């Protein structure tokens, strides 16, 4: 598909080159060349977690999101990205059409609108995810460290305390310090 677009763009560029004579033709030719380059490299929107989002200890939010999405050796998966896609992907075409109309058919503005709306859907999914339940150790850590800032020693102490019978109320899965939720973002780019 991309190859035929490029070949079609080249043919159109060659055809229009004949119209590019004279002062006005030079302006037209530059404008059309700019438009043709743009049609080959369309902007896109990415939704997720970007490198500037990190926890105070330096752990990237994207890494934690991956662990939450797919699980680890010690934690079950809590798929919120895949759940968002499954729940909403059929809406996104209509959403893009409405965003194009709303933006006066400005593709960058339309993608900005769509990116914001889909990132809001991801946030809603994070908040609405209700299982699998947190482990007793996680619940105890959430109670002791509401902002999520704890060290290895705190973890080992919570592990010992749970083994000794200490408990804490069930905490909300995927929601602790708010950093994961608040780090969901989007970027519109021409890459």
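The modelled label-to-label distance between residue 155 and residue 75, using points 7 Å beyond Cα along the C-beta direction, is 1.0 nm. Ordering 109, 101 by the number of other Cβ atoms within 10 Å of each residue's own Cβ, fewest first, gives 101, 109. The separation of the range 123-160 from the range 169-191, counted between C-alpha centres, amounts to 15 Å.
Computed over the range 38-191, the convex hull of the alpha-carbon atoms projects to a mean area of 10.5 nm². When restricted to Cα atoms, the range 75-121 yields an Rg and a Dmax of 12.9, 46 Å, respectively. Equivalent-ellipsoid semi-axes for the range 116-166 (Cα gyration tensor, √(5λ), whole Å, largest first): 29, 13, 7. Under Stokes-Einstein, with the Kirkwood radius over Cα pairs as Rh, the value for the range 140-184 at 25 °C and 0.890 mPa s is 215 µm²/s.
Computed from the coordinates by the stated procedures, all read-outs in this text should not be read as laboratory data. All of these numbers come straight from a predicted model, not from anything done at the bench. In this analysis, Cβ positions are derived from the backbone assuming ideal geometry, glycine residues included, and neighbour counts consider all displayed protein chains.
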